[in-house]
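Structure, as structure tokens:
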Amino acid sequence: MSSNINIRNIGEKGRAIFKKISEELERDYRGKFVAIEVDSSDYFVGDTVIEADEKAKEKYPDKIFYLGRIGYRTAFSFHGRR
């Protein structure tokens, strides 16, 4: 149960940080991905979600990150047959 609360907390904090910095990021990085370390507010930008995550893990190897796509409401969308 505590890990669910922790993940929810990361999501809530991450969305708040992302909202604060999104306008700044959109000027130079629209369409790229961002990984945010929510305790420090440090963020890492990459062309792919994997690249952003790897950059973040270099500095914070034991953390879980909030991931977003700059200039989009969601980082991922899924399409398929019903």
* To do: Treating cross-link reach as a plain straight distance, find the lysines whose alpha-carbon is under 16 Å from the alpha-carbon of residue 63, omitting any fewer than eight places away in the same chain.
  => 13, 55
* If the cut-off is 16 Å between C-alpha atoms, which lysines fall inside it for residue 19, apart from same-chain ones fewer than 8 positions away? -> 32
* To do: May I ask you to compute the full-extension gain from residue 50 to residue 9, defined as 0.36 nm times their residue separation minus their alpha-carbon distance, rounded to one decimal in nm?
  => 12.6 nm
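Which net charge results for the neighbourhood of residue 7, defined as the other residues with beta-carbon distances under 13 angstrom from its beta-carbon, given Lys and Arg at +1 and Asp and Glu at -1? Write down the numbers at each step before the final one.
Numbers: positive: 8, 13, 15, 63; negative: 12.
So the environment of residue 7 carries a net charge of +3.
Classify the range 2-69 as rounded, prolate or oblate from the Cα gyration tensor: take a ≥ b ≥ c as the square roots of its eigenvalues, call it rounded if a/c is under 1.5, otherwise prolate when a/b beats b/c and oblate if not. Intermediate results must be reported in sequence, preceding the final value.
Details: a/c = 2.08, a/b = 1.34, b/c = 1.55.
Since a/c reaches 1.5 but b/c is at least a/b, the shape of the range 2-69 is classed as oblate.
Bear in mind these aren't lab numbers, they're just calculated from the coordinates by the rules spelled out. Bear in mind the structure is a predicted one, so any value in this text is a computation, not a measurement. Don't worry about glycine lacking a Cβ; one is built from the backbone with ideal geometry, like all the others, and counts go over all protein chains shown.
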